Amino acid sequence: MRLRAAVVLLAVAAAPQIRYFRHERPVLVAADHAGQTCVALDAATFAHAAAGLADLRLYRAENGNETETPYTIYEPAPVTAQPKEIAPLNLGKHGGTTTFEAEMPAGRYSDVDLDVTAKNFIATVAVTGSRTETGSEGTELGIFTIFDLTGQKLGRSMVLHLPESDFRYLYFGITGPVKPGDVQGLSVERVSTQQRFVAVTAPNPTATAPNGIVQKGRETQATFTVPAHVPVDRVEIVPGAQPVNFSRDVKVTATGRVTQGAGEAALPVRISSAGTLLRVHGVHDGRRIDEEDLAVETTNADFAAPDSVWTVTIENGDDAPLDLKSLRLEMAVRKLCFDAAVGAAYTLYYGDAALATPQYDYATLFTPDKNAAEATLAPEKANPLYVARPDTRPFTDRYPWLLWVALVLVVALLGAVALRTAKETAPPR
């Protein structure tokens, strides 16, 4: 407990100083720009920084002085949990069309995922949006195809790829073998800006598979080693041109160690997630279908050292393995945003585990600017001024083994004294 308390106290009390950072990266900003500026962080930054980027510090160099600069970490379109289910309203049948309405949440959204229980069918869905209640004229958003081709081993898709919208009400008309009782509801994917992803790592190569993709019976498998603290948000897979149509289940597992708290040992953790690779192009039952879903979202965890091991398994069943052009782990783009000054030079420092997450007013009051300038990170290099931070813990916490040595010496001394006393007081024979 004393050791843990000392570590926590050290983390709280430590102040950032450039000489205590192991790594530095210049931030390349346009010399004539002033105002909000953002730079995308890559996997190397996460790998060499503390958990949660707690030790990340930005310094501005101007007139020979370096000053700590407030910043915030911004996700343009953060990966969210499962979307909220929306119940259908006024569900019924009009002629040969199943119709219903939905009251949408405030804000902008894109894809809508219908919860339809029908099996082995193809249907079309006409969608209209309106800002007022039922009965008013609306804006046609398009006609979309939904299908369940599990009987043909081609999977199912209930996603309507709407244009980015913010209508308060949506009206649906489903033409095809879908009854009102088959419609359970819908969920919506919110959007703010287009989400971007960057590569984390490629599969580990082997002696027989230089690209790291191996065949094991009916499974295609790839194993990855991910550095500590690097987020993994999805698996991105690029198949070859053949086969044109396929549906394959995918399982993603990751094993590593996570730290529960300061001074506590890292515990082994195993997480898993699953999804389906889908590509369907062509005419089925007289309707044209063009649907692709070639990425699988993953359950993330902040793994501590040693490096975590990720395994991606594609289940081929009785079909031939897919001809994969690439398979990699990716993370959603996180940006570091700050206000730049004209003519100033900026450097990002990290690699000081004693620091806690900074608390800036800039982060609390931050509002993203769609016209923010884009900066870039120069390659990482060692900080030439680096020195190890002095250990300010009490002497007994830095050298706990000395307590045991002292205890053994005291016990030995007391034993020797007791033995000598016993001999001196023993009666003569």
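The values are calculated or read from the model by the stated rules, or taken from the named source; none is laboratory data. The model shown is predicted, which means the values in this text are computed figures rather than measured ones. Reconstructed Cβ throughout: ideal geometry from the backbone, glycine too, with neighbour counts over all protein chains shown.
Structural remarks
- Number of the condition not met by Pro306 [criteria: (1) buried (at least 18 other Cβ atoms within 10 Å of the Cβ); (2) not in a loop (DSSP other than H, G, I, E, B)]: (1)
- Residues located in segment 354-373, provided they are under 22 Å from the mean Cα position of the chain (by Cα) and either not assigned by TED's automatic domain parsing to the domain that holds Val27 or not polar (S, T, N, Q) (or both): Ala356, Pro358, Ala363, Phe366, Pro368
- Those residues of segment 102-126 which are of a type in the set (Gly, Ala, Ser) and more than 22 Å from Gln195 (Cβ to Cβ), in sequence order: Ala102, Ala118, Ala123, Ala126
- Subset of segment 285-307 that is without any contact (Cβ under 8 Å) to a residue 60 or more places away in the chain and of a type outside the set (Val, Ile, Thr) - its residue that is nearest to Ala51 (Cα to Cα): Ala301
- Flag for Gly351 being in contact with an Asp or Glu (Cβ under 7 Å, 6 or more places away or on another chain), of a type in the set (Gly, Ala, Ser) and modelled with pLDDT of 90 or more: yes
- Filtered residues of segment 265-288 (kept if surrounded by 14 or more Cβ atoms within 10 Å (Cβ to Cβ), at pLDDT 85 or above and over 22 Å from Val252 (Cβ atoms)): Val280
- One residue stands out in segment 319-331 among those that are out of contact with any Ser or Thr (no Cβ under 6 Å at 6 or more places or on another chain) and surrounded by 19 or more Cβ atoms within 10 Å (Cβ to Cβ): the one that is farthest from Arg57 (Cα to Cα), namely Leu322.
- In segment 314-351, the residues that are of a type in the set (Lys, Arg) and in contact with a Gly (Cβ under 8 Å, 6 or more places away or on another chain): Lys325
- Taken together, the residues in segment 84-138 that are of a type in the set (D, E, K, R) and crowded, with 16+ Cβ neighbours inside 10 Å amount to 2.
- Subset of segment 200-213 that is of a type in the set (A, V, I, L, M) and surrounded by 15 or more Cβ atoms within 10 Å (Cβ to Cβ) - its residue that is nearest to the chain's Cα centre (by Cα): Val200
- Index of the failed condition, Glu68 passing every other in (1) under 28 Å from Asp369 (Cα atoms); (2) in contact (Cβ under 8 Å) with a residue 60 or more places away in the chain; (3) within 30 Å of the chain's Cα centre (by Cα); (4) not in a loop (DSSP other than H, G, I, E, B): (2)
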